[in-house]
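This report concerns only the one structure given below.
The values are calculated or read from the model by the stated rules, or taken from the named source; none is laboratory data. On a predicted model such as this, the values are computed, not experimentally measured, just so you know. Here the Cβ is made from the backbone with ideal geometry for all residues, glycine too, and neighbour counts use every protein chain on show. All accessible areas refer to the heavy atoms of the entire protein, side chains included, with ligands and DNA or RNA removed. Shrake-Rupley method; radii C 1.70, N 1.55, O 1.52, S 1.80 Å.
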Amino acid sequence: MNREIRTILLAEDSAADAEMAIDALREAKLANPVIHVEDGVEALDYLLCRGAYAERGKGNPVVVLLDIKMPRLDGLEVLKQMRESELLKRVPVVILSSSREESDLVHSWNLGVNAYVVKPVDVSQFFTAVQTLGQFWAVLNEFPQQE
């Protein structure tokens, strides 16, 4: 089976959390490039090929790892806009957040999130969680050829 290698989009405003997530994905030896954006506006710009990303190659990421609490536009609004878009509605989204608020969890599922993972405080648990997510969505998950 010849699968196209697609990007993993990481939307995370914390530089430390983003660096750990990127390191964990690299350590998992995934071939997928990781694109890091720092807020929801930048995430939508990347997804919709606009602004600084107007010239990026076409195609959706294999998965979006999305923080909830971000400046300018939060992750829940990004998820809402993705699910309303014909182009983006089938892109897998995993909320990777430190929020344990029930309202965030319920709202995420109501908007169509594919998974909600609370960031572990322990660094090794965080690494393992991100590696597992990356391997599942980038390698194991099957998706339709026509997106």
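Yes or no, residue by residue, for (1) touching a Leu at 6+ places or on another chain (Cβ under 9 Å); (2) among the hydrophobic types (A, V, I, L, M, F, W, C); (3) buried (at least 16 other Cβ atoms within 10 Å of the Cβ):
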residue	(1), (2), (3)
Glu38	no, no, yes
Tyr46	yes, no, yes
Arg50	yes, no, no
Arg56	no, no, no
Gly59	no, no, no
Val63	yes, yes, yes
Asp67	yes, no, yes
Leu79	yes, yes, yes
- Message: I'd like to know if region 100-109 contains one or more residues that are touching a Lys or Arg at 6+ places or on another chain (Cβ under 6 Å) and without any contact (Cβ under 8 Å) to a residue 24 or more places away in the chain.
- Response: no
- Message: Within region 103-147, take every residue that is part of a helix (DSSP H, G or I), open to solvent by 30 Å² or more (accessible area, probe 1.4 Å) and among the aliphatic types (A, V, I, L, M) and give me the one that is farthest from Gln81 (Cα to Cα).
- Response: Val123
- Note on the structure: Selection from region 22-52 of residues of a type in the set (D, E, K, R) and outside any helix (DSSP H, G or I) yields Lys29, Glu38, Asp39, Arg50
- Quick one: count up the residues across region 16-33 that are surrounded by 14 or more Cβ atoms within 10 Å (Cβ to Cβ) and either over 19 Å from Pro120 (Cβ atoms) or free of Cβ contacts under 8 Å to residues at least 60 places away in the same chain (or both). 4
- Answer from Glu55, Glu19 - the residue that is acidic (Asp, Glu), assigned to a loop (DSSP other than H, G, I, E, B), out of contact with any helix residue (DSSP H, G or I) (no Cβ under 6 Å at 6 or more places or on another chain) and farther than 21 Å from Val113 by Cα: Glu55
- Quick one: what pairs do we get from region 78-89, first residue touching a residue at least 12 places away in the same chain (Cβ under 8 Å), second open to solvent by 70 Å² or more (accessible area, probe 1.4 Å), C-beta under 7 Å, 6+ apart or different chains? Met82/Lys89; Arg83/Lys89
- Using beta carbons and a limit of 7 Å, which pairs, at least six apart or on different chains, have the first residue in region 34-51 and within 15 Å of Asp17 (Cβ to Cβ) and the second one among the aliphatic types (A, V, I, L, M) and open to solvent by 10 Å² or more (accessible area, probe 1.4 Å)? Val34/Ile22; His36/Ile22; Asp39/Met70; Asp39/Leu73
- Query: When only residues in region 1-15 that are out of contact with any Pro (no Cβ under 9 Å at 6 or more places or on another chain) and within 16 Å of Gly75 (Cβ to Cβ) count, which is most open to solvent (accessible area, probe 1.4 Å)?
  - Reply: Ser14
- Query: From the list Ala115, Ala43, Ala24, which one is closer than 20 Å to Trp137 by Cβ, touching a Pro at 6+ places or on another chain (Cβ under 9 Å) and not hydroxyl-bearing (Ser, Thr, Tyr)?
  - Reply: Ala115
- Task: Within region 75-110, track down each residue that is hydroxyl-bearing (Ser, Thr, Tyr) and under 30 Å from Lys58 (Cβ atoms).
- Result: Ser85, Ser97, Ser108
- Message: One residue is enough: does region 88-102 have a residue meeting the conditions out of contact with any strand residue (DSSP E or B) (no Cβ under 8 Å at 6 or more places or on another chain) and part of a helix (DSSP H, G or I)?
- Response: yes
